[in-house]
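Peer 1: There's a structure below that I have some questions on.
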Amino acid sequence: MALKLKTRVNEILGSKYPLVMGTMGYQSTPEFVAAAANAGIFACLSSVMSRTTQALRERIRETKSLTDKPFGININLFPMISPLPHEEYIDASLEEGVTVFETSGRSPENLAPRIKKGNAVFMHKCARLRDAKTAERVGADIVEIVGFECGGHPSRENITSLVLIPQVVDAVKVPVIAGGGIADARGIVAAFALGAEGVLMGTRFLATKECPIPPSFKNKLLECQSTDSIFVMRTLSDPMRALRNKLTMTVQEMEDKGATQDEIIHMLAGEKSLKAMEAGDVENTLLACGQIIGLVHDIPTVKELVERIIGETTAVYQRLGKTFK
Ligand SMILES: Cc1cc2nc3c(=O)[nH]c(=O)nc-3n(C[C@H](O)[C@H](O)[C@H](O)COP(=O)(O)O)c2cc1C
């Protein structure tokens, strides 16, 4: 008998399961997001993929043509060399019928009233306890929290998910989606045991058939151990957990030797990295990647992965039932 997995999270988001595929800046395409939505989980298109409002509108329309299930828009507030017009993006998305926004990267305080005025669901993803409290204070309907293990940008406080999740659950009344270091049913049940009502996974979904990264990357990911998730940009304001390769090792070395911010940014420039990615060049691309990569051993479709995880959740729950009699 499959577990129902009903929490406030899937009630609010409208997805079958309270599971979220983490937004991935240059990977969260309409096809990939629709694959997640059709598999019964929630996902967001990423704003950074669209350099104009019109491009964003087109991506929303394309996603709608691929799924009738709900999906959201991630508004990326990380500092960028050419910042995006967030307000315009929110207004255009609302006009296109988007009903869920996820903010991440910086305080969403300035944007919160706009999202709430549009009667949309507002979730904020953060990596520190105090940011989770701020998100609730400024009106978030859901708080997403990621620990030190996560792919992308953990906080500089270095607090692991196991320590962070229950503290956030205790600190806010709104439902919490937990992530950072989760890739299978054991991690999901653990996050629920800590009080989360939803689970967020990013790195695990990199190794799926629909993820739009070249096969050379997926094959490389299968060879990785957890130690292949390393930090770059430790000397800038937003350290990033990424795949160990020639580029990230060189940048680490440069940072150790006191390279300037400009030198580091030049090495990691988005355009250069995207070109390398397109060429399948695993060694010269900056690809976010969490420690849980050590537990990723195959490349299923998104649907196969979700069904397997949901099935295994039941088995883990039953095993625990025998232990905690
Ligand atoms: C390749 C990749 C790209 C990501 N890009 C973004 C992004 O653009 N915006 C964002 O908020 N989070 C981004 N993340 C973080 C994920 O949404 C999610 O929070 C994280 O992967 C969860 O931790 P996990 O990797 O341990 O599952 C990215 C993660 C990965 C692996």
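The values are calculated or read from the model by the stated rules, or taken from the named source; none is laboratory data. Since the model is a prediction, treat every value here as computed from it, not as a measurement. Every residue, glycine as well, gets a Cβ built from its backbone with ideal geometry; the counts of neighbours run over all protein chains shown.
Peer 1: Just name the residue that is surrounded by the most Cβ atoms within 10 Å (Cβ to Cβ) out of those in the stretch 280-296 that are assigned to a helix (DSSP H, G or I) and not β-branched (Val, Ile, Thr). Steps first, answer last, please.
Peer 2: The first filter runs over the stretch 280-296 and keeps only residues assigned to a helix (DSSP H, G or I), leaving 282-284, 291-295.
Filter once more, keeping what is not β-branched (Val, Ile, Thr): 283-284, 291, 294-295.
Working: 283: 14, 284: 17, 291: 26, 294: 15, 295: 17.
Filtering first and then ranking leaves 291.
Peer 1: Do we find a residue being at pLDDT 95 or above, farther than 19 Å from residue 237 by Cβ and outside any helix (DSSP H, G or I) anywhere in the stretch 123-134?
Peer 2: yes
Peer 1: Another one. Go through (1) polar (S, T, N, Q); (2) within 14 Å of the ligand (Cβ to nearest atom); (3) touching a Phe, Trp or Tyr at 6+ places or on another chain (Cβ under 7 Å) and name the single condition residue 53 misses.
Peer 2: Answer for residue 53: the failing condition is (2).
Peer 1: Among the listed residues 98, 163, 138, 169, which satisfies the condition of being closer than 27 Å to residue 241 by Cα, away from the ligand (no atom under 16 Å from the Cβ) and over 18 Å from the mean Cα position of the chain (by Cα)? Spell out how you get there, then give the answer.
Peer 2: Details: 98 fails: closer than 27 Å to residue 241 by Cα; 163 fails: away from the ligand (no atom under 16 Å from the Cβ); 138 fails: closer than 27 Å to residue 241 by Cα.
Criteria check complete, one pass: 169.
Peer 1: Within the stretch 25-40, restricting attention to residues that are out of contact with any Cys (no Cβ under 8 Å at 6 or more places or on another chain) and within 27 Å of residue 87 (Cα to Cα), which residue is nearest to the ligand (Cβ to nearest atom)?
Peer 2: Pass one, the stretch 25-40, residues out of contact with any Cys (no Cβ under 8 Å at 6 or more places or on another chain): 25-26, 29-31, 34-40.
If we keep only those that are within 27 Å of residue 87 (Cα to Cα) as well, we get 25-26, 29-31, 34, 36-37.
Working: 25: 3, 26: 7, 29: 12, 30: 15, 31: 16, 34: 17, 36: 12, 37: 16 Å.
Here the answer is 25.
Peer 1: Also, quick follow-up: Suppose the filter is within 16 Å of the ligand (Cβ to nearest atom), of a type in the set (Phe, Trp, Tyr), surrounded by fewer than 24 Cβ atoms within 10 Å (Cβ to Cβ) and under 14 Å from the mean Cα position of the chain (by Cα); does residue 78 pass it? Show your work before the answer.
Peer 2: Values: within 16 Å of the ligand (Cβ to nearest atom): yes; of a type in the set (Phe, Trp, Tyr): yes; surrounded by fewer than 24 Cβ atoms within 10 Å (Cβ to Cβ): yes; under 14 Å from the mean Cα position of the chain (by Cα): yes.
So residue 78 fits the description; yes.
Listed here are the residues, each with its yes/no results for (1) within 15 Å of residue 148 (Cα to Cα); (2) within 13 Å of the ligand (Cβ to nearest atom); (3) surrounded by fewer than 19 Cβ atoms within 10 Å (Cβ to Cβ).
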position: 195; (1), (2), (3): no, no, yes
position: 208; (1), (2), (3): no, yes, no
position: 212; (1), (2), (3): no, yes, yes
position: 221; (1), (2), (3): no, yes, no
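Peer 1: Same structure, new question: Condition first: in a loop (DSSP other than H, G, I, E, B) and among the polar types (S, T, N, Q). Now tell me which residues in the stretch 96-108 satisfy that.
Peer 2: 99, 107 - these are the residues of the stretch 96-108 that are in a loop (DSSP other than H, G, I, E, B) and among the polar types (S, T, N, Q).
Peer 1: Quick one: what pairs do we get from the stretch 88-102, first residue assigned by TED's automatic domain parsing to the domain that holds residue 118, second within 16 Å of the ligand (Cβ to nearest atom) and polar (S, T, N, Q), C-beta under 6 Å, 6+ apart or different chains?
Peer 2: Taking only residues 6 or more apart or on different chains, the pairs are 89/47; 102/74.
Peer 1: Grab the strands (runs of 3 or more DSSP E) fully contained in the stretch 171-279, keeping just those with 1 or more residues being outside the structural domain of residue 31 (by TED's automatic domain parsing) and free of Cβ contacts under 8 Å to residues at least 40 places away in the same chain.
Peer 2: Counting at least 1 such residues, we get 229-232.
Let's see how each residue does on (1) touching a Pro at 6+ places or on another chain (Cβ under 8 Å); (2) hydrophobic (A, V, I, L, M, F, W, C):
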| residue | (1), (2) |
| --- | --- |
| 156 | yes, no |
| 171 | no, yes |
| 191 | no, yes |
| 204 | no, no |
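Peer 1: What about residue 93, is it at pLDDT below 95, surrounded by 12 or more Cβ atoms within 10 Å (Cβ to Cβ) and under 17 Å from residue 33 (Cβ atoms)? I'd like the intermediate steps shown before the answer.
Peer 2: Working: at pLDDT below 95: no; surrounded by 12 or more Cβ atoms within 10 Å (Cβ to Cβ): yes; under 17 Å from residue 33 (Cβ atoms): yes.
Answer is no for this residue.
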